[in-house]
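The values are calculated or read from the model by the stated rules, or taken from the named source; none is laboratory data. The structure presented is a predicted model; accordingly, all values stated were derived computationally and were not measured. Backbone-built Cβ (ideal geometry, glycine too); neighbour counts: all protein chains shown. Ligands, DNA and RNA are excluded from the accessible area calculation, which covers all protein heavy atoms including side chains. Shrake-Rupley method; radii C 1.70, N 1.55, O 1.52, S 1.80 Å.
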Amino acid sequence: MEFREWFATEEGCWSYLAKLRWPDGFVCPRCQATEGWTMRRRLYWCQRCDYQVSVTAGTLFHDTHKPLRLWFEAMWYITSQKFGVSALGLQRVLGLGSYHTAWKWLHKLRRAMVRPGRDRLSGVVEVDEIFIGGERPGKRGRGAAGKTLVVLAVQEVPGRIGRIRMCQVADAAGESLEPAVWSMVEPGSVVRTDGWRGYNGLTELGYDHKVVPKTADLGDNLLPLVNRVAALLKRWLLGTHQGAVEPSHLAYYLDEYTFRFNRRTSQSRGLLFYRLISQAIDIGPVLETDLKGTGEGRAKVKKSQE
Ligand SMILES: [Zn+2]
């Protein structure tokens with residue numbers, strides 16, 4: 001209700017976006033004038049140099065032909081659903097004529113779920129690789145048909161799980177695992193892994209590497225935090241997305257899951273919405289050609305609906 005009141009009109013959405021882009025007031029991108037501008041529809045018009053700039057130019061909403069209000073509603077819906085939404089769900093809620101549009105919007109917004117220059121995890125972090133997709137269990141150290149290998153890093157804070165990071169890798173060799181850990185975990189942190197040789201180089205990279213020894217009472221649950229997050233992630237992929245995620249798109253779904261997981265305790269849905277829209281302004285336009293493999297993903301989703 002509150003959301004609909006705030007963003008009841010196109011004008012309301014434009015001025016909200018404008019306030020986020022130019023919190024201290026409009027600055028002409030061409031002549032840097034801060035005075036003498038008018039706003040007409042979604043255009044700012046500099047009276048000094050006659051330059052016109054759209055509120056959406058250079059943002060994720062660049063060149064959109066749909067009302068901004070619909071985008072706002074999409075972002076609100078996506079952030080207010082605890083487990084996220086499928087393209088079909090979004091299409092229904094927004095009343096979009098085309099499934100492809102809903103699919104495209106979701107993919108574009110997933111790009112905005114990664115904060116540019118986000119920090120790495122620190123403290124005590126559990127790291128392990130998991131397989132996503134495919135029919136049969138894969139063999140460690142090499143790829144398996146239809147499967148994608150993902151390295152999971154889970155921060156331990158006393159008594160519970162902290163934040164997470166994920167990274168897709170080609171295989172479980174040290175040459176793949178080390179850069180993955182480096183991109184997710186701050187050097188100097190305690191990194192807990194099992195005894196897999198792919199992690200042997202971590203000490204040299206500056207980590208306090210602790211290998212959890214295999215003992216009878218631990219069984220296969222050497223890394224309980226990673227195992228817990230892996231189970232939740234797999235359930236999410238199967239539930240919300242019906243297991244229909246193509247390997248070529250998986251990285252973006254992992255970003256979405258990470259975005260949601262790391263804000264799972266945040267009480268305010270409004271804050272999540274604010275975060276998403278701010279990052280949508282920061283990341284800039286996402287071109288249609290950047291959303292690779294569209295046909296494939298759609299075909300698979302459609303098949304599972306029959
Ligand atoms: Zn100007």
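Of note:
- Members of segment 1-44 found to be charged (D, E, K, R) and part of a helix (DSSP H, G or I), listed by number: E2, R4, E5, E10, E11, K19, R21
- Only a single item in (1) aliphatic (A, V, I, L, M); (2) in contact (Cβ under 8 Å) with a residue 60 or more places away in the chain; (3) more than 15 Å from G84 (Cα to Cα); (4) open to solvent by 20 Å² or more (accessible area, probe 1.4 Å) is not met by V245, and it is number (3).
- Scanning segment 114-129 for residues that are modelled with pLDDT of 90 or more and either in a loop (DSSP other than H, G, I, E, B) or surrounded by fewer than 19 Cβ atoms within 10 Å (Cβ to Cβ) (or both) gives R120, S122, G123, V124.
- Consider segment 274-289 and keep the residues that are under 18 Å from A87 (Cα atoms) and surrounded by 17 or more Cβ atoms within 10 Å (Cβ to Cβ). The one that is modelled with the highest pLDDT is L276.
- Filtered residue count, segment 83-113, keeping only those that are open to solvent by 40 Å² or more (accessible area, probe 1.4 Å) and outside any helix (DSSP H, G or I): 4
- Any hit, segment 64-77, residues being under 23 Å from F259 (Cα atoms), open to solvent by 40 Å² or more (accessible area, probe 1.4 Å) and under 19 Å from the mean Cα position of the chain (by Cα): yes
- Of the residues M1, M39, the single one that is within 26 Å of V93 (Cβ to Cβ), modelled with pLDDT under 90 and open to solvent by 40 Å² or more (accessible area, probe 1.4 Å) is M1.
- Sub-7 Å Cβ pairs linking a first residue in segment 27-50 that is more than 7 Å from the ligand (Cβ to nearest atom) and of a type in the set (A, V, I, L, M) to a second residue that is open to solvent by 70 Å² or more (accessible area, probe 1.4 Å) and not in a loop (DSSP other than H, G, I, E, B), at least 6 apart or interchain, are L43/Q52, ordered by first then second residue.
- Test: residue in segment 157-168 that is aliphatic (A, V, I, L, M), surrounded by 13 or more Cβ atoms within 10 Å (Cβ to Cβ) and without any contact (Cβ under 8 Å) to a residue 60 or more places away in the chain: no
- Test set (1) of a type outside the set (K, R); (2) part of a strand (DSSP E or B); (3) within 30 Å of M75 (Cβ to Cβ) - G243 fails condition number: (2)
- Residue, nearest to the ligand (Cβ to nearest atom), within segment 51-74, restricted to residues that are touching a Gly at 6+ places or on another chain (Cβ under 8 Å) and over 17 Å from S15 (Cβ atoms): G58
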